[in-house]
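What follows draws every value from the coordinates through simple rules; no lab data is involved. None of these values were measured; they are calculated from a predicted model. Note: ideal-geometry Cβ built from the backbone for every residue, glycine included; neighbour counts use all protein chains shown.
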Amino acid sequence: MGLYTVRPLPMCKMRHQTRREQATQLCRPHKSGNKPSLRVLTNHPTAKHMGKFKNYTYFAVAALLSIAGNAKASDTMENPDSAQDVTVSNVRIERSESFLNCNFTINFADKNLGSNRELRLNPVIIGNNGTETALPALIVAGRVRYIQARRHEKLSDSLRLIRFEKGMTLPYAASLPYEDWMETARIELRSKLTGCCKETKNEYAMTVDSLDFSPLIFHPVAEYIVPQAEAVKTRELRGRAFIDFPVNRTEIRPDYRNNTVELGKIRASIDSVRNDSDITITALSIKGFASPEGPWNNNVRLAKGRTEALKTYVENLYRFEPGFITTSYEPEDWEGLRNFVETSGLKNREAIMQIIDGPLAPDARDARIRSAYPEQYAFLLAEVYPALRHSDYKIDYTIRSYSDPKEIIEIMYTKPQNLSLEEFFTAARTLDPGSQTYNDLFETAVRMYPNSEAANLNAAASAITRGDYASAQRYLEKAGNSPQAIYTRGNLKASQGDFETALQHFQRAAKLKVASAPDAIAQTRKLVERRQRQGRHTAGKQQ
């Protein structure tokens, strides 16, 4: 209780006190400090009277000390109040476009608060970077402390004074402008219990809620297919040349009509592989075609003779060994005619196709079209039949293997057609995923091997890591249904935010023993939980 003083109080003083002052406690704070005083009533403050009451004074002080001590002990045992006895419920923290709205209920169900005590409750937002912002505070006071504060203290507008009642609940609501640092933060309720003389009894802090408005980003781990190595890299190069011949003639005239260009195409194709020191030409074949008009036997002669003429022309240019170039011929290119008619808007198209597919001999077939549909036949003879006189050629060759990643990368930028899928992958695995060269390798590989499931899968995995989801989707359509393809479809869905569908793919991949699938499942489930929390935190909109 501290030191006590005795201050005689004349009756005249008491006679002029107001009714409110008469109700003041026996022990009250002195102006000079929190030192309780004992009031001794006298008519005249003389030495005589003081002596007379001397013994009474000592007795009264001793009694007062005893009463105060018992009161203090009783207050401690009957009101074991603590800043820790408060709980929070109905938490709803919502983010709108510009504000953070905080709502929760403070519960005092198990709380005792002494009459002379107060509990200051201060909600605070704390960012991961240490930034703090205090929300409006509450003061819950016991009966006497509440009355004293209302009468003698001026509280700031941000403070809310509430008189304590056992079992009470307090709804709390506050809004403040949202700032970037609040993206990952927590809301803490700090409690401070003080006694009648403002001394701190204890303090406590509890977390009301944790905030996480950071983007839901999935971090994919790529699963690639290692392509099979080729024992011998065998390739072929195909082309078609439209060489013009005078009517019913079979000799080649290089300067006739457009022959310079068409013969140049054949030479360019042969040179593209023949001049590459990494390539060995193993075979060259030519097949000649004639158009369907005219007698069949004459067309046989023309197709065969013109093909042999082209063979001789090529042999004279390159000095290939005898027998290196092989030839064949098709007297009338009815397949080429049918393909054109089928895809055209030609009148009577279906009827003409029935004649082409029918049992008639070639000469009778041509005559039937000419007689039944003269207008359409005239168009075909002038516009389509010339293109049916062509020479198709095929160059077979082998390419040496490459094992040095640096050489492979150089070849990739200059002669990508020389590389196998396995060689593309060999170079890629030496690079950092996501680097420009790394991406170029997979993009070039799928361009060189557009129908390969492995090439499409690996290109899709690479596209996902760089955020090119449109390309990844396109590649996955041709990637097949291997375990890696199923897993990669999960990576794409998760990266696009479709976590539920992604989980289905990952779970299938896990059953198929894809190594990265379990970690992908765990990561996706965490993102689902975060999305649910964010949904709770972003439900409100500031009007």
For 214, 420, ascending order of other Cβ atoms within 10 Å (fewest first) is 214, 420
Distance in nm between residue 415 and residue 400 label points, each 7 Å along Cα→Cβ, equals 0.9
Rounded to the nearest 0.05, what FRET efficiency do residue 501 and residue 133 give with R0 = 35 Å and r taken as the Cβ-Cβ distance? Could you check?
-> 0.35
If R0 = 60 Å, then residue 226 and residue 166, at their Cβ-Cβ distance, give a FRET efficiency to the nearest 0.05 of 0.25
Counting other Cβ atoms within 10 Å of each Cβ, which GluC sites (Glu not before Pro) in the range 144-203 have at most 15 and sit in a DSSP loop?
-> 153, 165, 179, 199
Over 25 Å (Cα to Cα) among 347/394; 406/478; 233/304; 478/513 -> 347/394; 406/478; 233/304
Full extension between residue 298 and residue 469 adds, at 0.36 nm per residue less the Cα distance, a length in nm of 55.8 nm
Once amide H atoms are placed 1.01 Å from N in the peptide plane, what residues at a sequence separation of 5 or more from residue 201, or on another chain, have their amide H within under 5 Å of its amide H?
-> 193, 194, 195
Under 17 Å from a label point 7 Å along Cα→Cβ of residue 326: give me every residue in the range 230-265 with its amide N that close.
-> 234-239
Pairwise FRET efficiency - residue 210 versus residue 115, Cβ, R0 = 30 Å, nearest 0.05 | 0.25
About the Cα centre of the range 415-465, what is the dipole size in debye to 20, counting +1 per Lys and Arg Cβ and -1 per Asp and Glu Cβ, all else neutral?
-> 80
Phi angles of the range 87-92, converted by Karplus (6.51 cos²θ - 1.76 cosθ + 1.60, θ = phi - 60°) into ³J(HN,Hα) in whole Hz with x for Gly and Pro, give 10, 10, 9, 6, 6, 9
Under unit Cβ charges (Lys, Arg +1; Asp, Glu -1), what dipole magnitude, rounded to 20 debye, does the range 297-380 have relative to its Cα centre?
-> 180
Only Cα pairs under 8 Å and at least 6 apart count here; give the relative contact order of the range 87-212 as a rounded whole percent.
-> 31
Length gained if residue 407 through residue 278 is fully extended, taking 0.36 nm per residue and subtracting the Cα-Cα distance, is 45.2 nm
So for 453, 350, 407, fewest C-beta neighbours within 10 Å to most, what's the order?
-> 350, 407, 453
Starting with the fewest neighbours, write out 88, 140 ranked by other beta-carbon atoms found within 10 Å of each beta-carbon.
-> 88, 140
Quick one: what are the phi-derived ³J(HN,Hα) couplings along the range 504-512, Karplus 6.51/-1.76/1.60 with θ = phi - 60°, whole Hz, x for glycine and proline?
-> 4, 5, 5, 5, 5, 5, 5, 5, 8
When the Karplus curve 6.51 cos²θ - 1.76 cosθ + 1.60 is applied with θ = phi - 60°, which whole-Hz ³J(HN,Hα) does each residue of the range 283-297 get, with x for Gly and Pro?
-> 6, 9, 10, 10, 10, x, 10, 10, 7, x, 6, x, x, 4, 5
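Per 0.36 nm of contour for each residue apart, how much would the distance between residue 98 and residue 531 grow if the chain were fully extended, relative to their Cα-Cα spacing?
Roughly 153.9 nm would be gained on extension.
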Please get the size of the charge dipole for the range 337-469, origin at its Cα centre, with Cβ charges of +1 on Lys and Arg and -1 on Asp and Glu, quoted in debye to the nearest 20.
-> 440
